[in-house]
Amino acid sequence: MKVVIGTNEEISKQIAEEFIKQVQKKPDSVLGLATGTSPLQVYANMVKANKEGRVSFKKVATFNLDEYIGLEGTHNQSYRYFMNTNLFDHIDIDKKRTHVLKGVGDYEAYAAQYDDEIASFGGIDLQILGIGSDGHIAFNEPGTSFDSLTHVAELAESTIVDNSRLFNDISEVPTKAVTMGLKSIMNAKKIVLIATGINKAKAIKNLLKGEKTEEVPCSILQDHPDCTIYVDEAAYSLCK
Ligand code: F6R
């Protein structure tokens, strides 16, 4: 794994440039996308580049990592809504080629065929990840099998607490989600992970200096052949 250290502004720009280069080189790239606070500036930079005419997303396909169970795509905390409002509504993407797991209706059936659908598009060329304070990636919490594909998952208590900042009350945070599995993520050809702030420092230490164990889901990335970890000083602070 490669490590890049910079301010949130610097690393977000660098990751956005990775996406832009990827799409310039292969206009029909398959992009793996994340939600949460971490990728917000990355998406803002991608929107800017698209508006400036530096890159077109017309032919790309996207697959998102996860979705809360129980939230319609129109709910303002659903990950479909997040993607539309933070990225898709502002770029020239074909929304029919954007894929976000379903959180309602036949969500289990959709989850069961998600990995095959990704494969039918040729697999993910470039995947962005955030990381949870407990070391989760997507919603793969500690104890998730390294062999997992897309599945229904229970959120850890610490994740519910972390994510409650975005809801009116902690009781409104869904307790379950559909998520790509750890094996699904490892199938991506190239991975970039972004982590900022002291709340992520322990997870980053476990990722970069710890052993590979299912108790630390992100540690599976140690085996990925092309994975770069982008951090700010605070997130990197326990690695020195
Ligand atoms: C979101 C996702 C999660 C987040 C993680 C960090 O699609 O997969 O694993 O990346 O919970 O969230 P933030 O960036 O809000 O700290």
Of all residues in the stretch 21-33, which are more than 15 Å from THR85 (Cβ to Cβ) and within 12 Å of the ligand (Cβ to nearest atom)?
-> GLY32
Result of the Cβ filter at 9 Å on the stretch 134-162, keeping first residues that are more than 9 Å from LEU182 (Cα to Cα) and in contact (Cβ under 8 Å) with a residue 40 or more places away in the chain and partners that are of a type in the set (A, V, I, L, M, F, W, C) and open to solvent by 40 Å² or more (accessible area, probe 1.4 Å), at least 6 apart or interchain, is HIS151/ALA112
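Scanning for something open to solvent by less than 30 Å² (accessible area, probe 1.4 Å) and within 18 Å of the chain's Cα centre (by Cα), does the stretch 51-60 turn up at least one residue?
The initial filter retains those residues of the stretch 51-60 that are open to solvent by less than 30 Å² (accessible area, probe 1.4 Å), namely 55, 57, 60.
Within this subset, residues satisfying the condition of being within 18 Å of the chain's Cα centre (by Cα) are 60.
Looking for residues that are open to solvent by less than 30 Å² (accessible area, probe 1.4 Å) and within 18 Å of the chain's Cα centre (by Cα), one finds at least one in the stretch 51-60, hence yes.
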Kindly indicate which of TYR68, TYR43 is at pLDDT 95 or above, within 16 Å of the ligand (Cβ to nearest atom), under 15 Å from PHE88 (Cβ atoms) and aromatic (Phe, Trp, Tyr).
-> TYR43
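From the residues in the stretch 108-118 that are small (Gly, Ala, Ser) and more than 18 Å from the chain's Cα centre (by Cα), which one is surrounded by the most Cβ atoms within 10 Å (Cβ to Cβ)?
If we filter the stretch 108-118 for residues that are small (Gly, Ala, Ser), which is where we start, we get 109, 111-112.
Imposing the further condition that a residue be more than 18 Å from the chain's Cα centre (by Cα) reduces the set to 109, 112.
Details: ALA109: 9, ALA112: 15.
Residue satisfying both the conditions and the ranking: ALA112.
I'd like the full set of residues that are in a helix (DSSP H, G or I), open to solvent by less than 10 Å² (accessible area, probe 1.4 Å) and not polar (S, T, N, Q), limited to the stretch 2-38.
Residues of the stretch 2-38 that are in a helix (DSSP H, G or I), as a first pass: 8-25.
So of that shortlist, the ones also open to solvent by less than 10 Å² (accessible area, probe 1.4 Å) come out as 11-12, 15-16, 19-20, 23.
Once the filter is applied, which keeps residues that are in a helix (DSSP H, G or I), open to solvent by less than 10 Å² (accessible area, probe 1.4 Å) and not polar (S, T, N, Q), the stretch 2-38 yields ILE11, ILE15, ALA16, PHE19, ILE20, VAL23.
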Residues satisfying the stated conditions in the stretch 76-107, i.e. open to solvent by 30 Å² or more (accessible area, probe 1.4 Å), within 21 Å of VAL173 (Cβ to Cβ), in contact (Cβ under 8 Å) with a residue 12 or more places away in the chain and not aromatic (Phe, Trp, Tyr) = GLN77, ARG80, ASN86, LYS102, VAL104
What is the residue count in the stretch 135-174 for residues that are within 11 Å of the ligand (Cβ to nearest atom), open to solvent by 40 Å² or more (accessible area, probe 1.4 Å) and outside any helix (DSSP H, G or I)?
-> 0
Expected output for the stretch 31-44 (first residue among the aromatic types (Phe, Trp, Tyr), partner assigned to a helix (DSSP H, G or I) and open to solvent by 10 Å² or more (accessible area, probe 1.4 Å), Cβ below 9 Å, 6+ apart or cross-chain) is TYR43/ASN86; TYR43/HIS90
Has the stretch 60-78 got any residue that is part of a helix (DSSP H, G or I) and over 27 Å from GLU10 (Cβ atoms)?
-> no
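Which residues, counting only those in the stretch 106-134, are part of a loop (DSSP other than H, G, I, E, B) and within 12 Å of the ligand (Cβ to nearest atom)? Reasoning before the result, please.
As a first pass, look at the stretch 106-134 and keep what is part of a loop (DSSP other than H, G, I, E, B): 106, 113, 121-125, 130-134.
Listed by number, the residues that qualify are GLY130, ILE131, GLY132, SER133, ASP134.
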The stretch 175-205, residues that are assigned to a helix (DSSP H, G or I), within 13 Å of the ligand (Cβ to nearest atom) and touching a residue at least 40 places away in the same chain (Cβ under 8 Å) | LEU182, SER184, ILE185, ASN199, LYS200, ALA203, ILE204
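The values are calculated or read from the model by the stated rules, or taken from the named source; none is laboratory data. Bear in mind the structure is a predicted one, so any value in this text is a computation, not a measurement. We place every Cβ from the backbone using ideal geometry, glycine too, and count neighbours over all the protein chains shown. We work out accessible area using only protein heavy atoms, side chains counted, and drop any ligands, DNA or RNA first. Shrake-Rupley method; radii C 1.70, N 1.55, O 1.52, S 1.80 Å.
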